[in-house]
Amino acid sequence: MVNIVDGGAKHAPQEMEQFLPGEGGKTYHIQPRKADNEQALGNNEFDPFAHRDNEHPTSDNETLTHLLKASLGTGILGMPIAFMYSGIIMGIFATIFTAFVCTHCSYVLVKCGHKLYYKTRRTKMTFAEIAESAFQKGPKWSRGFAPVAKFSILFGLFLTYFGTCSVYTVIVAKNFEQLIEHWTGTEVSSRLLICSLLVPLILIAWVPNLKYLAPVSMVANVFMGLGLGITFYYLTQDLPPLESRNYLVLGTLPSFFSITIFAMEAIGVVMPLENNMKTPQNFLGLCGVLSQGMSGVTLIYMLLGFLGYLRYGEDTQQSITLNLPVHEWPAQAVKVLIALAVYCTFGLQFYVCLEIVWDGIKEKCTKRPMLVNYVLRTVLVTAAVVLAISVPTIAPFMGLIGAFCFSILGLIFPVLIELVLHWDTGFGKYNWILWKNIVICICGIGALVFGSLAAIRDIVEVYTAVAPQ
């Protein structure tokens, strides 16, 4: 084990001072680190950013574009009902708070990754590898938990993106359900529509790799952009006075946080984006790629949530597209565009699940690996569709994933990693890092417990209050 200690002369945390100027005016540093940084650079110690070799590195602007695409997903369609759960004024402040915490935790994860690059002399790491290395390089009591930390993150990522695939299936079916009922004049079972999507979803899941999914993703972005543009037009028409809406709702606030965390959390993509950057130093910082991207995302989410709830009030649907007047052709176009955009994006979300499972079994599948791979794809898609048939709701489903999965992955794990890395070197003046992370852990546990309970309660109501279709 390389003897690299934060407070010692052998430590080389160059990124802590030179590359990470801080967040919100705060700087993560212990006073001796700046001198260590300068000394390390002067001694020509290992620089992971200089040694990083990417065949096709992305620029800062390209990374920002990818971050926006990853963050502006289908979760944005649930922001109006999230504002209904919180109240129109409370929703603004709660959205800003949620965005700040989620962005800070992503910041912490990347910052810890940069620090571990020097300790392990590696140039890039995944989320799971950062957790494993942090526990391995941490205090003695933590080293036995390294495999558990890695497995927990991989399992959590699988559950998150597998659940997201099921949510996507429900969103596609619900949008087409309204259109079919309008065009035919007959009621259609949403579960039957979800079942009918099995074959198209299997076909898009059979796309061999991400290279061939790239054009599909571009089409999805165009469809989503057009759909959201028309949606914003509808939301700005005939707005009622602000006084007609609830300013603050406390009883359903956990549901707000669950849906908003699901919508805004991008912890699963920050390390892949950082790993492929030409200048990964620019990912962090007050004006870095992460801060710029999440600031824009927060404004868009806040605007759509505010306008959606203001426009439709207590009639706000689980997906805002379901509120649009189905008898008007622009609204019909929105439903088709959003449904097709979500369908096209399904392949990208599914690819994450596939890679996690395939990496765990591919060494055991030496005979006919391609056949096994495609059988695995088919089985996973079928399981996602079965889950969607079992829970054909959008908002409670998003809330459960946000509360159970993203609260653990996006809030609790990053601060635990930071605590382990700082365990032997201290937590700054007045132990501010420790207290800050305790507060975030409390928020994460609160979102996990109360958000999950609220989501499960809403899902149960689907079976108790509404007869199965």
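Side notes on the structure shown:
- Total residues in segment 350-360, condition β-branched (Val, Ile, Thr) and modelled with pLDDT under 85: 1
- Among residues of segment 249-267 that are touching a residue at least 12 places away in the same chain (Cβ under 8 Å) and farther than 19 Å from residue 110 by Cα, those with a beta-carbon under 9 Å from a residue that is in a loop (DSSP other than H, G, I, E, B) and of a type in the set (A, V, I, L, M, F, W, C) at least six positions away or on a different chain give the pairs 256/249.
- The lone exception for residue 12 - which of (1) at pLDDT below 50; (2) among the small types (Gly, Ala, Ser); (3) not in a loop (DSSP other than H, G, I, E, B) it fails: (3)
- So residue 313, is it at positive phi, out of contact with any Asp or Glu (no Cβ under 8 Å at 6 or more places or on another chain) and open to solvent by less than 10 Å² (accessible area, probe 1.4 Å): yes
- Subset tally (residues that are open to solvent by 10 Å² or more (accessible area, probe 1.4 Å) and either out of contact with any Leu (no Cβ under 7 Å at 6 or more places or on another chain) or farther than 18 Å from residue 255 by Cβ (or both)) for segment 99-112: 3
- Residue 434 more than 25 Å from residue 117 (Cα to Cα), open to solvent by 10 Å² or more (accessible area, probe 1.4 Å) and touching a Phe, Trp or Tyr at 6+ places or on another chain (Cβ under 9 Å): no
- Among the candidates 246, 221, residue that is open to solvent by 40 Å² or more (accessible area, probe 1.4 Å) and part of a loop (DSSP other than H, G, I, E, B): 246
- Residue in segment 63-94 that is least open to solvent (accessible area, probe 1.4 Å), counting only those that are assigned to a helix (DSSP H, G or I) and farther than 30 Å from residue 169 by Cβ: 88
- Residue, most open to solvent (accessible area, probe 1.4 Å), within segment 130-139, restricted to residues that are modelled with pLDDT of 90 or more and not aliphatic (A, V, I, L, M): 136
- Filter result for residue 372 (touching a residue at least 12 places away in the same chain (Cβ under 8 Å), among the hydrophobic types (A, V, I, L, M, F, W, C) and in a helix (DSSP H, G or I)): no
- Residue within segment 180-190 that is in contact with a Leu (Cβ under 9 Å, 6 or more places away or on another chain), small (Gly, Ala, Ser) and either modelled with pLDDT of 85 or more or open to solvent by less than 30 Å² (accessible area, probe 1.4 Å) (or both) present: no
The rows are residues; the columns are (1) over 22 Å from residue 228 (Cα atoms); (2) open to solvent by less than 10 Å² (accessible area, probe 1.4 Å); (3) aliphatic (A, V, I, L, M); (4) not in a helix (DSSP H, G or I).
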position: 259; (1), (2), (3), (4): no, yes, yes, no
position: 263; (1), (2), (3), (4): no, yes, yes, no
position: 272; (1), (2), (3), (4): yes, no, no, no
position: 287; (1), (2), (3), (4): yes, no, no, yes
position: 297; (1), (2), (3), (4): no, yes, yes, no
position: 301; (1), (2), (3), (4): no, yes, no, no
position: 309; (1), (2), (3), (4): no, yes, no, no
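- Residue count for segment 165-176, restricted to those that are closer than 14 Å to residue 262 by Cβ and either modelled with pLDDT under 85 or open to solvent by 10 Å² or more (accessible area, probe 1.4 Å) (or both): 1
A quick yes/no check of all residues on (1) at pLDDT below 85; (2) over 21 Å from the mean Cα position of the chain (by Cα); (3) open to solvent by 80 Å² or more (accessible area, probe 1.4 Å):
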{"residue": "379", "(1), (2), (3)": "no, yes, yes"}
{"residue": "397", "(1), (2), (3)": "yes, no, no"}
{"residue": "401", "(1), (2), (3)": "yes, no, no"}
{"residue": "413", "(1), (2), (3)": "no, no, no"}
{"residue": "418", "(1), (2), (3)": "no, no, no"}
{"residue": "422", "(1), (2), (3)": "no, yes, no"}
{"residue": "442", "(1), (2), (3)": "no, no, yes"}
{"residue": "457", "(1), (2), (3)": "yes, yes, yes"}
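- Filter result for residue 460 (in contact (Cβ under 8 Å) with a residue 12 or more places away in the chain, in a helix (DSSP H, G or I) and β-branched (Val, Ile, Thr)): no
- Residue, most open to solvent (accessible area, probe 1.4 Å), within segment 316-329, restricted to residues that are of a type outside the set (A, V, I, L, M, F, W, C) and within 30 Å of residue 67 (Cβ to Cβ): 317
- Some residue of segment 349-364 being in contact (Cβ under 8 Å) with a residue 12 or more places away in the chain, out of contact with any Leu (no Cβ under 9 Å at 6 or more places or on another chain), buried (at least 18 other Cβ atoms within 10 Å of the Cβ) and not aliphatic (A, V, I, L, M): yes
- Annotation note: Cβ proximity below 6 Å between a residue of segment 153-178 that is in contact (Cβ under 8 Å) with a residue 24 or more places away in the chain and a residue that is of a type in the set (D, E, K, R) (sequence gap 6+ or interchain) occurs for 175/335.
- Selection of segment 113-129 for residues being closer than 30 Å to residue 451 by Cα and crowded, with 20+ Cβ neighbours inside 10 Å yields 113, 127, 128.
- Restricting segment 203-216 to residues that are assigned to a loop (DSSP other than H, G, I, E, B) and more than 22 Å from the chain's Cα centre (by Cα), the residue that is modelled with the lowest pLDDT is 208.
- Of the criteria (1) out of contact with any Gly (no Cβ under 6 Å at 6 or more places or on another chain); (2) in a helix (DSSP H, G or I); (3) at pLDDT below 90; (4) open to solvent by less than 60 Å² (accessible area, probe 1.4 Å), which one residue 200 fails: (3)
The values are calculated or read from the model by the stated rules, or taken from the named source; none is laboratory data. Just so you know, these numbers come straight off a predicted model, no measurement behind them. In this analysis, Cβ positions are derived from the backbone assuming ideal geometry, glycine residues included, and neighbour counts consider all displayed protein chains. Heavy atoms of the whole protein, side chains included, go into the accessibility calculation; ligands, DNA and RNA do not. Shrake-Rupley method; radii C 1.70, N 1.55, O 1.52, S 1.80 Å.
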